[in-house]
Amino acid sequence: MTLLDAPAYDAKKARLIRNIVITVLVVVAVGGITTFFLWNWPAEHRVNNFLSTIESGDLKKAFGEWNNDPDWEQHASQYKDYDFTQFQKDWGSSSDYGVIRSHNIIVAKTVGNGVVMGVDINGGKTPIFLRVDHKTKTIGFSPVELYTGP
């Protein structure tokens, strides 16, 4: 066999390689698109659970979700900057929203090291903006407001 002698063309092997390459490209594309659309899903899920707990009226559990600390009552002094009394004023029945009966996340975007969400509460005209920190998973009021459209 010399340098210019090429091996015989194997159509079966060529088809197999082509199909593997196409499959890998499709899987990478679908994975990338899925990741893009579901990137903020964990933060949205946390806010949905938090607001569902508020709607059920269990403010103590909701405060634990707000701080990502279900055992917050064991060390309540740790949360003196935003304590449970202030939390009740902001989220209880005497809040600006009254009794919270429904919520809808209308926009979510990663900003810095967290996810900022615009949440429509009780069908209000202006959303409230909440932020979930990526590292601590705590929920808080966002200083950033997102554009929600006309």
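The values are calculated or read from the model by the stated rules, or taken from the named source; none is laboratory data. A quick note: this is a predicted structure, and the numbers were derived from the prediction, not measured. Here Cβ is always computed from backbone atoms with ideal geometry, including for glycine, and neighbour counts include all displayed protein chains. Heads up: the accessible areas ignore ligands, DNA and RNA and are worked out on the full protein's heavy atoms, side chains in. Shrake-Rupley method; radii C 1.70, N 1.55, O 1.52, S 1.80 Å.
Please find, among 124, 118, 112, 98, the residue that is open to solvent by 50 Å² or more (accessible area, probe 1.4 Å), over 17 Å from residue 67 (Cβ atoms) and among the small types (Gly, Ala, Ser).
On the way: 124 fails: open to solvent by 50 Å² or more (accessible area, probe 1.4 Å); 118 fails: open to solvent by 50 Å² or more (accessible area, probe 1.4 Å); 98 fails: open to solvent by 50 Å² or more (accessible area, probe 1.4 Å).
From the options 124, 118, 112, 98, the qualifying one is 112.
Kindly list, by first and then second residue, each pair from a residue in the range 56-69 that is at negative phi and surrounded by 17 or more Cβ atoms within 10 Å (Cβ to Cβ) to a residue that is among the polar types (S, T, N, Q) and not in a helix (DSSP H, G or I), limited to pairs with Cβ atoms under 9 Å and residues at least 6 apart or on different chains.
From residues that are at negative phi and surrounded by 17 or more Cβ atoms within 10 Å (Cβ to Cβ), the pairs are 66/138; 67/136; 67/138; 69/138.
Can you tell me which of (1) open to solvent by 100 Å² or more (accessible area, probe 1.4 Å); (2) in contact (Cβ under 8 Å) with a residue 24 or more places away in the chain is the one residue 15 doesn't meet?
Unmet for residue 15, out of (1) open to solvent by 100 Å² or more (accessible area, probe 1.4 Å); (2) in contact (Cβ under 8 Å) with a residue 24 or more places away in the chain: (2).
Looking only at the range 77-95, count how many residues are in contact with a helix residue (DSSP H, G or I) (Cβ under 9 Å, 6 or more places away or on another chain) and exposed (fewer than 12 other Cβ atoms within 10 Å of the Cβ).
We begin by selecting, within the range 77-95, every residue in contact with a helix residue (DSSP H, G or I) (Cβ under 9 Å, 6 or more places away or on another chain); these are 78-79, 82-84, 87-88, 91-92, 94-95.
Okay, now just the ones that are also exposed (fewer than 12 other Cβ atoms within 10 Å of the Cβ), so 78, 94.
Of the residues in the range 77-95, 2 are in contact with a helix residue (DSSP H, G or I) (Cβ under 9 Å, 6 or more places away or on another chain) and exposed (fewer than 12 other Cβ atoms within 10 Å of the Cβ).
In the range 52-83, how many are of a type in the set (Ser, Thr, Tyr) and in contact with a Lys or Arg (Cβ under 6 Å, 6 or more places away or on another chain)?
Within the range 52-83, residues that are of a type in the set (Ser, Thr, Tyr) and in contact with a Lys or Arg (Cβ under 6 Å, 6 or more places away or on another chain) number 1.
On the basis of being of a type in the set (Gly, Ala, Ser) and under 22 Å from residue 45 (Cβ atoms), does residue 98 make the cut?
Criteria not met by residue 98.
Kindly establish whether residue 144 is in a strand (DSSP E or B) and among the hydrophobic types (A, V, I, L, M, F, W, C).
The answer is no for residue 144.
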